[in-house]
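Written below as structure tokens is the structure these notes are about.
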Amino acid sequence: METRQLESTPGFVIFDLPGAQHYVGEARLGSRLIPGNATMLVRHLTYVFATLEQQRSGASIGLKSDPADAAGAVEALADELADDFSSGRLSTSPGLRLDAELLAPVLAHDQRNLIGNDDRDGISFNHELIGVGAAAAAAGLLGGLDGKRIAIEGFGPAGLGIAREAVSAGATIARVATAKGCANGQLDPVALAEAWLADGEMCVATLSGDSEPAKPWTVWQDDVDVLFCGSKPGAMSGDGASMAGSTPVVAFSSAAVSSKALAVLRAAGTPVAADFVAAAGPALGWWADPVLTHDDLRSATAETVAAVMTETADHDDGPFMAACYRAESFLQTWQDELPFGRPLG
């Protein structure tokens, strides 16, 4: 993993693997950003590409500026790395404290298929594809979602995508959690969408009605059939894994399961679907033929994730480790050495 310091503005760019066709990752803003905090964000994408058997690599851009200076920092970034952006070698998207408007000087060069940015009833198509993939991963662990009860930690646009897909497959939503709390009950995707779009992370208060939302950590209770997690790297800690017990887990964002949590879950024989499998859908669209439709990419995502789950679900070391072995097998076809560290929080 190479970290290159920017010269025109305080900041850095991380490139995971040498010799990749393309490098992709979020751009983040913050005066105290350090490269080490982005390592697993980068590694997650590297493993996504390896899962899809693409010779591409994760990357990350960190602009070490205050929000008031964001526009100038982005302009400097766009000028300094103009060749990388205009050639398509490096592609980025808005991350921490950056939106599409601020990042416009860089995004103007993005040569990827931007179908993932399309609005799909309040969420982006990228978030919808994460929902499709996460639901397919859960179905691979459970043999289907019909009649199953689910919980979603880290509820937001991707969580709404998961809720819609799971309910359409016959599941019910038992609870959702944000950093502000946990809402319980048989939750409807329409109500979830309305609450999220109106109140953001405070949607759990709206959904709880006259009652106070429960503590966020209560989402890990083991009275559901599958737990989805994705609020942040390491969202599921060892304590959360202990609460989950034997309940299958599907990670849907970068390194959402910590190394301690994975160890606890593996010791309990609990299956875990890897984030870089469940969230592979958006990457399928980035270089897709422009003639492909939303339905085409939904089908490709569901079929790809289902195929990987079929291959890995019954492995003696569990589906997460099996997915790692599978990705690493592809990496060895074009890298002299495997990158150090798997995508775990």
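Find the centroid of the Cα atoms in segment 196-231 and in segment 141-193, then give the distance between the two in whole Å.
10
Just to confirm a number: summing +1 for Lys and Arg and -1 for Asp and Glu over residues other than VAL249 whose beta-carbon lies under 13 angstrom from that of VAL249, what do you get?
Working: positive: ARG266; negative: GLU153, ASP222, ASP225, ASP275.
In short, -3.
Once phi is turned into ³J(HN,Hα) by the Karplus curve 6.51 cos²θ - 1.76 cosθ + 1.60 with θ = phi - 60°, what whole-Hz value does each residue of segment 324-332 show in order, with x for glycine and proline?
Result, rounded to whole Hz: 4, 4, 5, 5, 5, 4, 5, 4, 5.
Which whole number in µm²/s is D for segment 83-208 by Stokes-Einstein, with the Kirkwood Rh taken over Cα pairs at 10 °C and 1.306 mPa s?
Details: Rh = 15.9 Å.
D = 100 µm²/s.
Picking from GLU153, GLU80, GLU201, which is most flexible by a Gaussian network model of the chain using Cα springs under 10 Å?
GLU80
Compute the convex hull volume of the Cα atoms of the chain, divide it by the residue count, and report the result per residue in Å³ as a whole number.
It comes to 128 Å³ per residue, whole-number rounded.
Excluding ALA179 itself, what net charge comes from residues whose Cβ is under 12 Å from its Cβ, given Lys and Arg +1 and Asp and Glu -1?
Residues close to ALA179 contribute a combined charge of +1.
Scan around SER124 for amide H atoms under 5 Å from its own, H built in the peptide plane at 1.01 Å from N, and keep only partners 5 or more places away or cross-chain.
Result for SER124 returns nothing.
With 10 angstrom as the radius, rank CYS324, CYS229 by how many other C-beta atoms surround their C-beta, starting from the fewest.
Listed from fewest to most nearby Cβ atoms, that is CYS324, CYS229.
At a 10 Å Cβ-Cβ cut-off, how would you order ARG266, ARG4, ARG56, fewest neighbours first?
On the way: ARG266 16, ARG4 12, ARG56 22.
Ranked by crowding around the Cβ, least crowded first: ARG4, ARG266, ARG56.
Ranked highest first by average number of other Cβ atoms within 10 Å, how do 234-247, 281-294 line up?
In decreasing order of mean packing, 234-247, 281-294 become 234-247, 281-294.
Kindly work out what percent of the DSSP beta bridges joining two residues of the chain are antiparallel, to the nearest 5. Please list the in-between numbers first.
On the way: 17 of 41 bridges.
Antiparallel bridges: around 40 percent, rounded to the nearest 5.
What is the packing order of peptides 191-197, 97-103, taking the mean over residues of other C-beta atoms within 10 Å and listing the highest first? Write out the running numbers ahead of the final one.
Values: 191-197: 19.0, 97-103: 16.0.
So the order, starting with the most tightly packed, is 191-197, 97-103.
Rounded to whole Hz and in sequence order, give me ³J(HN,Hα) for segment 255-267 from the Karplus expression 6.51 cos²θ - 1.76 cosθ + 1.60, θ = phi - 60°, writing x for Gly and Pro.
6, 5, 9, 6, 4, 5, 4, 4, 4, 5, 5, 5, 5
Which order, highest average first, do 134-143, 333-342, 28-37 follow once you tally other Cβ atoms within 10 Å for each residue and take the mean per peptide?
Highest mean packing first, the order is 134-143, 28-37, 333-342.
Binning every alpha carbon pair distance of segment 123-322 at 5 Å from zero, what are the percents per bin?
1, 9, 18, 22, 21, 16, 9, 4, 1, 0
Principal axis extents for segment 231-309, Cα atoms only, whole Å, descending order, please.
46, 22, 14
Apply the Karplus parameterisation 6.51 cos²θ - 1.76 cosθ + 1.60, with θ equal to phi minus 60°, to every residue of segment 89-105 and state each ³J(HN,Hα) to the nearest whole Hz, in sequence, with x for glycine and proline.
5, 10, 10, 9, 8, x, x, 3, 6, 10, 10, 4, 5, 5, 8, 3, x
Mind jotting down a quarter of the surface of the convex hull over the alpha carbons of segment 2-111, in square nanometres, one decimal?
That works out to 6.1 nm².
Can you sort SER208, SER231, SER8 so the residue with the fewest Cβ neighbours within 10 Å comes first?
On the way: SER208 17, SER231 22, SER8 14.
Taking fewest neighbouring Cβ atoms as first place, the list is SER8, SER208, SER231.
Which lysines, on any chain, are close to LYS64 with Cα under 24 Å apart, when same-chain ones fewer than 8 places away are left out?
Partners within reach: LYS232.
Every number here is computed from the coordinates shown, using simple stated rules; none is lab data. These numbers come from a predicted model, not from an experiment. Note: ideal-geometry Cβ built from the backbone for every residue, glycine included; neighbour counts use all protein chains shown.
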